[in-house]
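Undergrad: Dumping the structure here so I can ask a few things about it.
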Amino acid sequence: MPDTAPASKGTITVVHLYPREMSIYGDLGNTRCVAVRIRRHGYTPNVVQHHPGADWPADVHLVLGGGGQDSGQARVEADLVEIADRLRGLAADGVPMMMICGTYQLFGNAFVTVEGTRLPGLGILDVTTHGNAKRMIGPTVLDTEFGTVVGYENHSGSTTLSPGQKPFGVVRHGYGNNGDDRTGGARTHNVFGHYLHGPVLPANPRFADALIGYAAERATGRPFEPEELDDRTADEARTRQVRRLVG
Amino acid sequence: MPLRNTIAVVAGKAARVGARVRGGGSALPGLVAETVDPGFLARALSEVRGGIVVVTGTNGKTTTTKMLVALLRAHGKRVFTNPTGSNFTRGVISSMLPELGRSGRLDTDMAVLELDEAHALRFAAAVAPTHALLLNVARDQLDRFAEIDHTAALLEQLAGCTTSGVVLNRDDSFVARIAATLRLGVTVRWFGVHAAIADRLPELLEQDVRFGDDFTAPPATADDGLLRPVDDRAFDVVFGDDPVGPVTLRQRGLAAMINATAATTTARLLLGGAFDPATAVTALAAVNPPFGRGETVMIDGQPLELVLVKNPAGFTVALGTYTSTPVATMIAINDNDADGRDVSWLYDVDFSSLRARGVAWTSGVRAWDMALRLEYDDVAVEQVEPDLTRALDAFVAAYHDEPKRLFCTYTAMMALRRTLAARHGLAGFGEEG
């Protein structure tokens, strides 16, 4: 690098939860996107892949989790129990997290199988998911506090928000949490859970930068100091998808 | 013969003529025959005595099927196959109709059918295959199959319906572990890579969806085919101490070589003592790349390579195969059902090998999403044009005096091929084979 390269504004540690077991639908794209954008904003990304049984890193600024198959979820449950208290503490402390699909369900109160067995979750998000014979598959559009967000959902669990639980967005196209109440995902503190694959962050840079912003503040103790990034390609891709789906 | 079957054949043939007149539509006549008579397939195949072989798995079905058919025909067998890449049950019926006499029965020695994982099982419910060749399991169109474990389960069920012999990929744990579930008396043969090139397995398989293996294939016997490359283009398929080879294919890359290994192992199982290594080498060398799998079209004296991509494993293999020679590149991504509606998979492919030369055009319904994906790998994109015809014309014009390469999803390839046929006299879809 030339010595004119500006000094890093700080190092942001991003933990990707269970990348082997829980990232079947392009979820690695979210981690890749976050790392690239952290760098483009002038910070230094430190991406930690957390595998079952590994030590939990000391100073965590952003946690990302994806979707997996049932066999993948079974492989991470013991580790999730192990790190549950730390995740709850970090969540309450304002650490940004984004959990998609399988990890969204695991971050809820419980998953109730078709047979009625109740599998407890972390309880970070006040939601409960019921197993479903029907899969909810297709492109999705949500209205959120970060603007219109596009993605692709593929889940069989039907998630219900408890009274008082804030959704991540309102469904304009697709199923969202359950296909009935037009809620999409959930937000508590800076923890976001939802069903948007796609992956969601490259397609929705405002949402990506919100997560990075919370993480940067936590990492540096200063307000987020973003650079002006050129997101015209993402905006064009997203706008076209919204126009196709909701006119 | 039963009247109902005659009606099905005649109705199907009539629909086929209708579909041909309108151009394309290879699955429609099959739908008509299947609706009229659900027992159609069983009856049509009832006189095929030499083997009913199903080829399935996520990647390489079309290429492998074509190779297997060429191997069997070179040994004098009369073989029915479904060559149009129409790998659903209905497509099989469509391609069968012109071959049927009034009896409604196929008059061939063998049938070799390329079927996708779900349709292979549907087919097996109508007709039990004598043999199955199971290639691999990878993420593909999860919006249809939902989970990889589910896809693997489909293959296991298919193997369970197979009556005589199953050929399995020893390097793919999803496929290999099926051996433990087979009925007693079903012959198992294995294909795979030779220990000499075990380090190249990641070029063929998605490791990130495989976990600690609970099944290891038994040591290869003299009936199992192992791929051992001689150089970049030539390879042997080794059975014990006996190599079949050296073989040089018209298609490039390790993926085509492993497909040839699978086809040779299967042909050897089907032909038994009649299998002749020299005949096999000649037959494989004469197989043209199927439709869109590394096919080359000459435009103004310059080659345009068409490369079909449909899932992370396939795109990764294609990039590894072709980008050793960087040329002007266009990528066309659609998201219709046949392409996979979820474009998430593009983020599980590493595009950094395209960085040096960049990508000239992205196109298709998801042209902008493809351009965005490339941005995150720091691959420069010159133009984004969702309209396939406009993009193709502009791309060919801008790079008219040099070699070109076009990576495209299935429906994008269909559309681009029609344009190429109209502009540059390429054989139309379905006419090949």
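What follows is calculated from the coordinates using simple rules that are stated; it is not laboratory data. Computed from a predicted model, the values in this text were never measured in an experiment. Don't worry about glycine lacking a Cβ; one is built from the backbone with ideal geometry, like all the others, and counts go over all protein chains shown.
Undergrad: Could you tell me the calculated FRET efficiency between A:D93 and A:D143, based on Cβ-Cβ distance and R0 = 30 angstrom, to the nearest 0.05? Write out the running numbers ahead of the final one.
TA: Details: r = 28 Å, r/R0 = 0.95.
Step by step, r from the Cβ atoms, then E = 0.60.
Undergrad: Same structure, new question: What percent of all Cα-Cα pairs in the protein assembly as shown falls into each 20 Å bin, going from 0 up to the bin containing the maximum distance?
TA: It works out to 18, 48, 31, 4, 0, in whole percents.
Undergrad: Quick check: residue separation of B:T325 and B:L201 times 0.36 nm, minus the Cα distance between them. What number comes out in nm? Write out the running numbers ahead of the final one.
TA: Working: separation 124, 0.36 × 124 = 44.64 nm, distance 2.14 nm.
Full extension from B:T325 to B:L201 adds 42.5 nm.
Undergrad: For B:D241 and B:R423 in the same chain, what is the full-extension length gain: residue separation times 0.36 nm, less their Cα-Cα distance, in nm? Before the final figure, lay out the partial values.
TA: Working: separation 182, 0.36 × 182 = 65.52 nm, distance 5.05 nm.
Going from the current span to full extension adds 60.5 nm.
Undergrad: If you count the DSSP beta bridges with both ends in the protein assembly as shown, what percent of them are antiparallel, to the nearest 5? If you can, show how the numbers build up before the last one.
TA: On the way: 42 of 103 bridges.
Within the protein assembly as shown, antiparallel bridges account for around 40 percent of the total.
Undergrad: Computed FRET efficiency, Cβ-Cβ of A:V112 and A:V81, R0 22 Å: what is it to the nearest 0.05?
TA: Numbers: r = 18 Å, r/R0 = 0.84.
For R0 = 22 Å, the calculated efficiency reads 0.75.
Undergrad: If you average the C-alpha positions of the stretch A:225-247 and of the stretch A:1-62 separately, how far apart do those two centres end up, in angstrom?
TA: 23 Å
Undergrad: Helix A:205-220: angle to the longest alpha-carbon principal axis of chain A, degrees 0 to 90, nearest 10?
TA: Between the helix axis and the principal axis of chain A, the angle is about 60 degrees.
Undergrad: Dipole magnitude of the protein assembly as shown about its Cα centre, charges +1 at Lys/Arg Cβ and -1 at Asp/Glu Cβ only, in debye to the nearest 20?
TA: The calculation lands at about 2080 debye.
Undergrad: Dividing the Cα convex hull volume of the stretch A:109-247 by residue count, how many Å³ per residue is that?
TA: Numbers: hull volume 15.7 nm³, N = 139.
Per-residue hull volume (Cα only) is 113 Å³.
Undergrad: Among DSSP beta bridges whose residues both lie in chain A, state the antiparallel percentage, nearest 5. It would help to have the intermediate numbers written out before the result.
TA: Values: 27 of 48 bridges.
The antiparallel fraction comes to roughly 55 percent.
Undergrad: Then there's this: Mind computing the radius of gyration and Dmax over the alpha-carbon atoms of the stretch A:25-92? Å is fine for both.
TA: For the stretch A:25-92, the Cα radius of gyration and maximum Cα-Cα distance read 13.4, 39 Å.
Undergrad: If the viscosity is 1.306 mPa s and the temperature 10 °C, what Stokes-Einstein diffusion coefficient in µm²/s follows for the stretch A:69-146 when Rh is the Kirkwood radius over Cα pairs?
TA: 114 µm²/s
Undergrad: Please report, in Å, the Rg and the Dmax of the stretch B:293-424, where both are computed over Cα atoms only.
TA: In Å, with Rg to one decimal and Dmax whole: 13.2, 37.
Undergrad: Given the C-alpha atoms of the stretch B:346-433, compute the convex hull and give its volume per residue in Å³.
TA: 115 Å³
Undergrad: Mind ordering B:279-289, B:354-364 by average Cβ neighbours within 10 Å, highest first?
TA: On the way: B:279-289: 19.0, B:354-364: 21.1.
Put in order of decreasing packing, that is B:354-364, B:279-289.
Undergrad: I've got another one for you. Other chains near A:150-157: what is the mean number of their Cβ atoms within 10 Å of each residue's Cβ? Before the final figure, lay out the partial values.
TA: On the way: counts 1, 2, 7, 2, 7, 1, 2, 0.
Partner Cβ neighbours, averaged per residue: 3.
Undergrad: So what is the diffusion coefficient of chain A in µm² per second by Stokes-Einstein at 25 °C and 0.890 mPa s, using a Kirkwood Rh over Cα pairs? Write out the running numbers ahead of the final one.
TA: On the way: Rh = 18.2 Å.
Estimated via Stokes-Einstein, D reaches 135 µm²/s.
Undergrad: How high is the FRET efficiency from A:E227 to B:A338, r the C-beta distance, R0 35 Å, rounded to 0.05?
TA: Calculated transfer efficiency: 0.30.
Undergrad: Calculate the dipole size of the stretch B:285-393 relative to its Cα centre from +1 charges on Lys and Arg beta carbons and -1 charges on Asp and Glu beta carbons; express the result in debye to the nearest 20.
TA: About 240 debye.
Undergrad: Compute the signed sum of charges (Lys and Arg +1, Asp and Glu -1) over the other residues within less than 9 Å, Cβ to Cβ, of B:V193.
TA: Local net charge: +2.
Undergrad: Next up: As a test of understanding, state the convex hull volume per residue of the stretch B:227-342 from its alpha carbons, in Å³.
TA: For the stretch B:227-342, the hull spanned by Cα atoms encloses 139 Å³ per residue.
Undergrad: According to a simple spin-label model (label point 7 Å from Cα along Cα-to-Cβ), what is the distance in nm between B:E99 and A:L245?
TA: 4.3 nm
Undergrad: Please identify which residues in the stretch A:111-150 have an amide N closer than 20 Å to a label point set 7 Å out from the Cα of A:V48, following the Cα→Cβ vector.
TA: Within reach of a label on A:V48, which here means backbone N under 20 Å from a point 7 Å along Cα→Cβ, the stretch A:111-150 contributes nothing.
Undergrad: How many partner chain Cβ atoms sit within 10 Å of a residue's Cβ in peptide B:368-381, on average, as a whole number?
TA: On the way: counts 11, 11, 2, 5, 12, 9, 1, 8, 10, 2, 1, 0, 0, 1.
That average works out to 5.
Undergrad: Enumerate by residue number the chymotrypsin sites (Phe, Trp or Tyr not before Pro) in the stretch B:255-353 meeting two conditions: DSSP loop (anything except H, G, I, E, B), and at most 13 other Cβ atoms within 10 Å of the site's Cβ. The partial results should precede the final answer.
TA: Details: sites: B:F275, B:F291, B:F315, B:Y322, B:W345, B:Y347, B:F351; in loops: B:F275, B:F291, B:F351.
In loop regions of the stretch B:255-353 (DSSP not H, G, I, E or B), there are no sparsely surrounded chymotrypsin sites (Phe, Trp or Tyr not before Pro).
Undergrad: Count, for each residue of B:336-348, the Cβ atoms from other chains sitting within 10 Å of its Cβ, then give me the mean as a whole number.
TA: Counting other chains' Cβ atoms within 10 Å and averaging over B:336-348 gives 6.
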